[in-house]
Protein chains: 2
Amino acid sequence: MTRFSLNQATTKRWPIDELVAGCVTAGVPAVGLWREEVAAFGLEKTASLIRDSGLAVSSLCRSGFFHEEDWYDNNRRAIEEAATLGTDTLVLVSGGLPGKSRDIDGARRHVSDAIGALVPDAQAAGVRLAIEALHPMFASDRCVVSTLGQALAIAAPYPADAVGVVIDTYHLWWDDQVWAGIDEAGRQGRIAAFQLADWITPLPEGVLLGRGLPGTGCVDMRRFATAVGNAGYRDWIEVEVFHEDVWSRPGPEVLAEAFAGYRAAAE
Amino acid sequence: MTRFSLNQATTKRWPIDELVAGCVTAGVPAVGLWREEVAAFGLEKTASLIRDSGLAVSSLCRSGFFHEEDWYDNNRRAIEEAATLGTDTLVLVSGGLPGKSRDIDGARRHVSDAIGALVPDAQAAGVRLAIEALHPMFASDRCVVSTLGQALAIAAPYPADAVGVVIDTYHLWWDDQVWAGIDEAGRQGRIAAFQLADWITPLPEGVLLGRGLPGTGCVDMRRFATAVGNAGYRDWIEVEVFHEDVWSRPGPEVLAEAFAGYRAAAE
């Protein structure tokens, strides 16, 4: 059985009920959900839609953003949402530098402290906090956790079933330390999610919406899938792409290409 | 005496003769030059303009681009140009992935080999090859050398006066390993150039022209200047900023702000 999961952000304009139906039709067994889209459709309504469909929820994106003032309450809500949706994986994008700060070390310490504060809530809810390292080009405004090595260091004090890490090809492909990091994450049992997106250029203004479907760029997807497999990860493999050109296309068409990209990488 | 040098790319539209006169008027003792601008004005003509002005040339940017077919001849020409212009520092931007390659390890090995092949020419000309790690967002198309650690590893087999590294705040600020790397580079005597530019968001399309003048962004410039000073570097400190908004302003005004940014960081 396939381990493919369609992350909802890849087909952002596909209404969630149609997306769920489309995944069932295509034989796709899992989806990754986003909090904003879930809230817009309704949390309980989404949860029952998903339950009725038989789909698994591979992850809920994203919580974190620890530079924001209400991070604690917001993250606790996210943990509850993950539990309600039936996923044990909550992806944390840890946030950037607060205000006009130039203290990246301080911001990284704050992320560690914040995650520590959330661990009891996460454990009580049966949800694992999945720390995602974002590409260093997001270090100032989205995520001061820039490498898998940093994510593992932040996770280290906590049990592996409470705090894990995300392996996202888009964010990590450039890092020559990533292979050793994947091995280490595997040894610790900390790989909580594995996400595929490709690196394409030129990057668009603001750089957020610059990802390519797997196979369209310069990332060696198979090398990642092999490394993550060798590290013992047997769970879902999400395709998670943000790009205006992808969003403007019909959902079923993008789903088919995402699935094909996953297959070329991982099957 | 100030160690400030104005990198020509910061005031890209300021004609070189006016730039040289402007630096002399402002009491700026050095400039960093770019090959394209030098070629447009004429190599010998630039060399004599600089000689007559009494300015020092802190570095020549940029050679490298080892993914291009004519890299060897082109880099040998660049070495000669550096010698002609009276600088001992040739900045190498090592190039991205060739064609549709996904083999970043192979591209990095090729950079090591290429630099090894150029060392005899550089030594004969009295020019030091200065390996610049570029921000990982440039890894696919401009420079597969993404961290100071990688630059040091590539430089390691060669004498420190033949192959050095560039410390550029813009490219390295996000990396928690950079402080140890600067210490190590200092111990080895490999710091060949120190360049200041600030990180500002949002990044523009293509991301190349997104730098801010020192002091306008989130990089702790003084921490870098202190670390590089503690590592024993006593040479020029360049301000090197690429931004359309900066380029569209009068050269003398930008020069004054760049100088002020340098002072706030390093004096």
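The values are calculated or read from the model by the stated rules, or taken from the named source; none is laboratory data. Note that the coordinates shown come from a computational prediction; the quantities given were computed from them, not determined experimentally. Backbone-built Cβ (ideal geometry, glycine too); neighbour counts: all protein chains shown. Please note that ligands, DNA and RNA were not included when accessible areas were found on the heavy atoms of the full protein model with its side chains. Shrake-Rupley method; radii C 1.70, N 1.55, O 1.52, S 1.80 Å.
For the condition among the small types (Gly, Ala, Ser), within 14 Å of chain B (Cβ to nearest Cβ), crowded, with 24+ Cβ neighbours inside 10 Å and assigned to a helix (DSSP H, G or I), what is the one hit in A:ALA185, A:ALA151?
Selected residue: A:ALA151, the only one of A:ALA185, A:ALA151 that is among the small types (Gly, Ala, Ser), within 14 Å of chain B (Cβ to nearest Cβ), crowded, with 24+ Cβ neighbours inside 10 Å and assigned to a helix (DSSP H, G or I).
Among the candidates B:ALA265, B:ALA231, which residue alone is among the small types (Gly, Ala, Ser), under 28 Å from A:VAL207 (Cβ atoms) and touching a helix residue (DSSP H, G or I) at 6+ places or on another chain (Cβ under 6 Å)?
Just a single option satisfies the conditions, and that option is B:ALA265.
Please give the number of the condition B:VAL241 fails out of (1) closer than 27 Å to B:SER112 by Cα; (2) outside any strand (DSSP E or B).
B:VAL241 satisfies all of (1) closer than 27 Å to B:SER112 by Cα; (2) outside any strand (DSSP E or B) except (1).
Out of curiosity, is A:ARG102 closer than 30 Å to A:ALA30 by Cβ, facing chain B (nearest Cβ under 10 Å) and basic (Lys, Arg)?
no
When you check A:ALA125 against the structure, is it out of contact with any Ser or Thr (no Cβ under 6 Å at 6 or more places or on another chain), open to solvent by less than 40 Å² (accessible area, probe 1.4 Å) and more than 14 Å from chain B (Cβ to nearest Cβ), yes or no?
Considered against the rule, which asks whether it is out of contact with any Ser or Thr (no Cβ under 6 Å at 6 or more places or on another chain), open to solvent by less than 40 Å² (accessible area, probe 1.4 Å) and more than 14 Å from chain B (Cβ to nearest Cβ), A:ALA125 comes out as yes.
Restricting to helices (runs of 4 or more DSSP H) lying wholly in the range B:1-117: which have 1 or more residues that are under 30 Å from B:GLY149 (Cβ atoms) and over 18 Å from the mean Cα position of the chain (by Cα)?
Helices (runs of 4 or more DSSP H) meeting the threshold: B:71-85.
Can you tell me which residue among A:ASP168, A:ASP245, A:ASP235, A:ASP161 is open to solvent by 30 Å² or more (accessible area, probe 1.4 Å) and under 30 Å from B:ARG211 (Cα atoms)?
Of A:ASP168, A:ASP245, A:ASP235, A:ASP161, the one residue that is open to solvent by 30 Å² or more (accessible area, probe 1.4 Å) and under 30 Å from B:ARG211 (Cα atoms) is A:ASP245.
Give the residue, chosen from B:ASP103, B:ASP121, that is charged (D, E, K, R) and free of Cβ contacts under 8 Å to residues at least 40 places away in the same chain.
B:ASP103
Which residues, counting only those in the range A:211-227, are at the interface with chain B (Cβ under 9 Å from one of its Cβ atoms) and either open to solvent by less than 40 Å² (accessible area, probe 1.4 Å) or not in a helix (DSSP H, G or I) (or both)?
Those that are at the interface with chain B (Cβ under 9 Å from one of its Cβ atoms) and either open to solvent by less than 40 Å² (accessible area, probe 1.4 Å) or not in a helix (DSSP H, G or I) (or both): A:GLY217, A:CYS218, A:VAL219, A:ASP220, A:MET221.
Would a scan of the range A:52-66 turn up a residue that is charged (D, E, K, R) and either open to solvent by less than 20 Å² (accessible area, probe 1.4 Å) or closer than 30 Å to B:TRP199 by Cα (or both)?
Yes - at least one qualifying residue is present in the range A:52-66.
Kindly indicate whether B:VAL145 is more than 24 Å from A:LEU134 (Cα to Cα) and β-branched (Val, Ile, Thr).
no
All but one of (1) of a type outside the set (Phe, Trp, Tyr); (2) part of a strand (DSSP E or B); (3) free of Cβ contacts under 8 Å to residues at least 12 places away in the same chain hold for B:ALA192, so report the exception by its number.
Going through the list (1) of a type outside the set (Phe, Trp, Tyr); (2) part of a strand (DSSP E or B); (3) free of Cβ contacts under 8 Å to residues at least 12 places away in the same chain, B:ALA192 breaks only (3).
Scanning for something within 17 Å of the chain's Cα centre (by Cα) and either among the polar types (S, T, N, Q) or assigned to a helix (DSSP H, G or I) (or both), does the range B:196-203 turn up at least one residue?
Scanning the range B:196-203, I find no residue that is within 17 Å of the chain's Cα centre (by Cα) and either among the polar types (S, T, N, Q) or assigned to a helix (DSSP H, G or I) (or both), so the answer is no.
What do you reckon, is B:VAL144 open to solvent by less than 10 Å² (accessible area, probe 1.4 Å), within 10 Å of chain A (Cβ to nearest Cβ) and more than 17 Å from A:ASP175 (Cβ to Cβ)?
Criteria not met by B:VAL144.
Please find, within the range B:129-148, the residue that is nearest to the chain's Cα centre (by Cα) out of those that are assigned to a helix (DSSP H, G or I) and aliphatic (A, V, I, L, M).
B:LEU148
Given the structure, is A:LEU134 within 14 Å of another protein chain (Cβ to nearest Cβ), buried (at least 23 other Cβ atoms within 10 Å of the Cβ), of a type outside the set (Gly, Ala, Ser) and in contact with a strand residue (DSSP E or B) (Cβ under 6 Å, 6 or more places away or on another chain)?
Judged against the criteria, A:LEU134 is a match.
Residues of the range B:1-27 being open to solvent by 60 Å² or more (accessible area, probe 1.4 Å), more than 15 Å from B:GLU253 (Cβ to Cβ) and touching a residue at least 40 places away in the same chain (Cβ under 8 Å), which ones?
Correct list: B:ARG3 only.
Condition (residue is within 13 Å of another protein chain (Cβ to nearest Cβ), assigned to a helix (DSSP H, G or I) and farther than 20 Å from A:LEU203 by Cβ) applied to the range B:157-178: is it met by at least one residue?
Yes, the range B:157-178 contains a residue that is within 13 Å of another protein chain (Cβ to nearest Cβ), assigned to a helix (DSSP H, G or I) and farther than 20 Å from A:LEU203 by Cβ.
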